[in-house]
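To start, the structure under review is shown below, and the notes come after it.
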Amino acid sequence: MPKVIYEKDGRIGRITLNRPEVMNAIDNDVPVELADCVARANADWGVHVIVLSGAGEAFCAGYDLAYYAEASDGGGNNVTQEMPWDPMKDYAFMMRNTELFMSVWRSHRPVICKVHGYAVAGGSDIALCADMILMSADALIGYMPTRVWGCPTTAMWVYRLGPERAKRMLFTGDKITGIEAERLGLVLKAVPPETLDAQVEALAERMATVPVNQLMMQKLVINQAIEAMGLKNTQLLATVFDGITRHSPEGLNFKKRAETVGWKQAVRERDNATWDWTDNRPINPR
């Protein structure tokens, strides 16, 4: 079963993250299959617009921490190396994923991302590469690993929010609802859950009436403005820093904690600020 599905529906290409049993969590295959689906849509001049969504209860709940964080042997992955670690080996792996996520940004067909449930951590990396995001009002978006063990490698937050609001999100690791995300300017629109599908379809169908070459030119012009601000340089720094967060003393403590008590408990302690990752002990209430 593909982990990312591609279907053509008239002038609309539909890309669906397809690991619903784990809220479409990202493993080694998902970024590759996502980029392949984007390439298929771009190779078809009959496709005018892409709708990117997630199967099941969420758009994407981020990286699969049962695989990347909890497994004591690394689960066959290399996101936490034996010390001393090789930062360039880590960079090569993470930049691979960053570039594959950025296939959405570079797509010659505009991409509408439909967010329900969650678009968090690595899932927000994918969503924020889209041209427009329509989000269920009750859905949640955020990058909680900025509290420990992560830096958003696609680095889209500042380009969507500006510096102060990006700092507000990344200094806290908070999740916010679709309603607040729209208010901050992070997403195009937050809509009632029961109308999300219909509103995404209406926008996609409206855009699909525009010639492919017109859509492509407008996207290239607008994206170039962002590229000229230094997006590639920002992503390089963010991707290197992501590796450092996982190999810092605090990052290693988080990894060990996930191995010991399970990733769900470690994440609760991270997100609820009940664990001091520097001293590696519970935070005593005042």
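Here are the numbers:
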item	result
One residue from Val30, Val111, Val49, Val104 being in contact (Cβ under 8 Å) with a residue 12 or more places away in the chain, open to solvent by less than 10 Å² (accessible area, probe 1.4 Å) and in contact with a Pro (Cβ under 7 Å, 6 or more places away or on another chain)	Val49
Total residues in segment 34-46, condition open to solvent by 50 Å² or more (accessible area, probe 1.4 Å) and either under 20 Å from Arg206 (Cα atoms) or part of a helix (DSSP H, G or I) (or both)	4
Residue check, Met88 hydrophobic (A, V, I, L, M, F, W, C), surrounded by fewer than 18 Cβ atoms within 10 Å (Cβ to Cβ) and either part of a helix (DSSP H, G or I) or under 20 Å from the mean Cα position of the chain (by Cα) (or both)	yes
Test for Ala58: is it in contact (Cβ under 8 Å) with a residue 24 or more places away in the chain and out of contact with any helix residue (DSSP H, G or I) (no Cβ under 7 Å at 6 or more places or on another chain)	yes
One residue from Thr245, Thr209, Thr278 being part of a loop (DSSP other than H, G, I, E, B) and either aromatic (Phe, Trp, Tyr) or over 27 Å from Asp131 (Cβ atoms) (or both)	Thr278
Ala190 being touching a strand residue (DSSP E or B) at 6+ places or on another chain (Cβ under 8 Å) and under 16 Å from Cys60 (Cβ atoms)	no
Given (1) closer than 26 Å to Arg268 by Cβ; (2) open to solvent by 50 Å² or more (accessible area, probe 1.4 Å), index of the condition Asp197 fails	(1)
Tally, over segment 168-190, of residues that are among the acidic types (Asp, Glu) and either part of a helix (DSSP H, G or I) or buried (at least 19 other Cβ atoms within 10 Å of the Cβ) (or both)	2
Number of the exception - Ala71 against (1) open to solvent by 20 Å² or more (accessible area, probe 1.4 Å); (2) at pLDDT below 95; (3) at positive phi	(3)
Leading residue by the ranking (surrounded by the most Cβ atoms within 10 Å (Cβ to Cβ)) among those in segment 241-286 that are closer than 28 Å to Asp86 by Cα, among the hydroxyl-bearing types (Ser, Thr, Tyr) and without any contact (Cβ under 8 Å) to a residue 12 or more places away in the chain	Ser248
Condition check for Ala202: open to solvent by 50 Å² or more (accessible area, probe 1.4 Å), on the phi < 0 side of the Ramachandran plot and small (Gly, Ala, Ser)	yes
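For every residue, the table says whether it meets (1) within 16 Å of Ala130 (Cβ to Cβ); (2) at pLDDT 95 or above; (3) aromatic (Phe, Trp, Tyr).
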| position | (1), (2), (3) |
| --- | --- |
| Arg147 | no, yes, no |
| Gly150 | no, yes, no |
| Trp157 | yes, yes, yes |
| Arg160 | yes, yes, no |
| Lys167 | no, yes, no |
| Leu170 | no, yes, no |
| Lys175 | no, yes, no |
| Leu186 | yes, yes, no |
| Ala202 | no, yes, no |
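The values are calculated or read from the model by the stated rules, or taken from the named source; none is laboratory data. All of these numbers come straight from a predicted model, not from anything done at the bench. In this analysis, Cβ positions are derived from the backbone assuming ideal geometry, glycine residues included, and neighbour counts consider all displayed protein chains. SASA here: full protein model, heavy atoms, side chains in, ligands and nucleic acids out. Shrake-Rupley method; radii C 1.70, N 1.55, O 1.52, S 1.80 Å.
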